[in-house]
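Working notes, structure below.
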Amino acid sequence: MEITYKYYLDAWNHHYSYLTDLIIRKKLKKICEIGGGANPSLPIEFIKQYNLEYTVLDISAEELSKAPLGYIKVLGDITSKNLDHLDHDYDLVFSKMLAEHVAEGVTFHRNIKKLLKPGGISFHFFPTLYAIPFTFNKIIPESFSLKLLSYISKTRNNMGNHGKFPAYYSMCYGPTKKQIRILQKMGYNIDTYIGFFGHDYFKNIGFLHWISKQTTRFLLKYPIARLTTYSYLVLSKI
Ligand SMILES: C[S@@+](CC[C@H](N)C(=O)[O-])C[C@H]1O[C@@H](n2cnc3c(N)ncnc32)[C@H](O)[C@@H]1O
């Protein structure tokens with residue numbers, strides 16, 4: 001198990017190369033993205049170039065309809081009791097900015113394990129507690145957080161391709177001992193767990209931005225798993 005800590009911009013800037021490198025290096029062919037919605041992570045050109053079978057599963061027909069043509073789109077809830085309409089032999093099941101929207105993290109990881117072939121891999125990129133912006137988002141009413149986000153980011157509204165969805169942050173933590181224990185108990189091997197520190201949510205609030213930057217600097221030197229902002233989690237099914 002590899003546990004490391006990095007700066008949050010690395011998570012955003014290198015997500016695509018991390019994902020595609022994983023697919024190429026491990027020769028993963030049959031792939032399912034959960035919550036790919038309006039923005040599937042892999043472009044059609046990449047899918048064709050590497051001859052992949054790539055399914056995008058999403059709970060929202062509206063979000064799926066916003067995704068470009070050419071993808072295999074499946075409407076479904078990853079926490080559903082019945083996933084019979086999906087294949088159960090994927091090489092890779094992954095998600096980006098989805099895990100926090102799932103009310104039951106345990107069911108989410110259990111169901112993904114059922115979709116994987118033995119030795120199959122799952123990779124998740126998600127925001128984590130107890131980073132201040134996400135802890136705040138979890139506590140405050142959804143209607144208020146929607147207003148706040150539209151103030152912070154003009155591009156986040158449900159009309160476009162980067163909407164705001166209710167967030168629960170169930171099992172959304174950095175590499176804490178508890179999180180690792182739960183995943184191992186489920187029958188996963190934890191290949192890589194990267195915790196990222198820092199964010200730019202306070203960039204327009206001078207004093208808070210300064211404190212946030214100093215805290216990030218400290219945490220990169222002295223990591224605390226419970227204070228990460230994002231994580232990459234790579235699991236393999238035993
Ligand atoms: C914040 S968006 C992320 C979309 C895309 N992955 C991205 O990074 O732009 C979350 C997506 O997850 C979908 N979603 C939420 N809960 C889900 C569930 N239980 N099962 C499947 N998809 C779900 C939403 O419909 C939405 O498309």
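Would you call residue 31 over 14 Å from the mean Cα position of the chain (by Cα), within 15 Å of the ligand (Cβ to nearest atom), of a type in the set (A, V, I, L, M) and open to solvent by less than 20 Å² (accessible area, probe 1.4 Å)? Against the criterion (over 14 Å from the mean Cα position of the chain (by Cα), within 15 Å of the ligand (Cβ to nearest atom), of a type in the set (A, V, I, L, M) and open to solvent by less than 20 Å² (accessible area, probe 1.4 Å)), residue 31 qualifies. Among the residues making up the range 178-199, those that are in a helix (DSSP H, G or I) and either farther than 28 Å from residue 213 by Cβ or among the acidic types (Asp, Glu) (or both) are 178, 180, 181, 182, 183, 184, 185. Pairs meeting the criteria (first residue in the range 25-44 and at positive phi, second residue at pLDDT below 95, beta carbons under 9 Å, at least 6 apart or on different chains) are 35/165; 37/161; 37/163; 37/165.
Restricting attention to the range 105-123, does a residue exist that is among the hydroxyl-bearing types (Ser, Thr, Tyr), more than 20 Å from residue 229 (Cα to Cα) and more than 15 Å from the ligand (Cβ to nearest atom)? No, every residue in the range 105-123 fails to be among the hydroxyl-bearing types (Ser, Thr, Tyr), more than 20 Å from residue 229 (Cα to Cα) and more than 15 Å from the ligand (Cβ to nearest atom). Scanning the range 95-116 for residues that are open to solvent by less than 60 Å² (accessible area, probe 1.4 Å) and either touching an Asp or Glu at 6+ places or on another chain (Cβ under 6 Å) or free of Cβ contacts under 8 Å to residues at least 60 places away in the same chain (or both) gives 107, 111.
Assessment of the range 207-221 against the conditions (crowded, with 17+ Cβ neighbours inside 10 Å and either under 18 Å from the mean Cα position of the chain (by Cα) or of a type in the set (Asp, Glu) (or both)) yields no matching residue.
Among the residues making up the range 1-32, those that are among the aromatic types (Phe, Trp, Tyr) and in a strand (DSSP E or B) are 5, 7.
The values are calculated or read from the model by the stated rules, or taken from the named source; none is laboratory data. Note that the structure is a prediction, hence the values are computed from the model and not measured. Neighbour counts run over all protein chains shown; Cβ positions are idealised from the backbone, glycine included. Heavy atoms of the whole protein, side chains included, go into the accessibility calculation; ligands, DNA and RNA do not. Shrake-Rupley method; radii C 1.70, N 1.55, O 1.52, S 1.80 Å.
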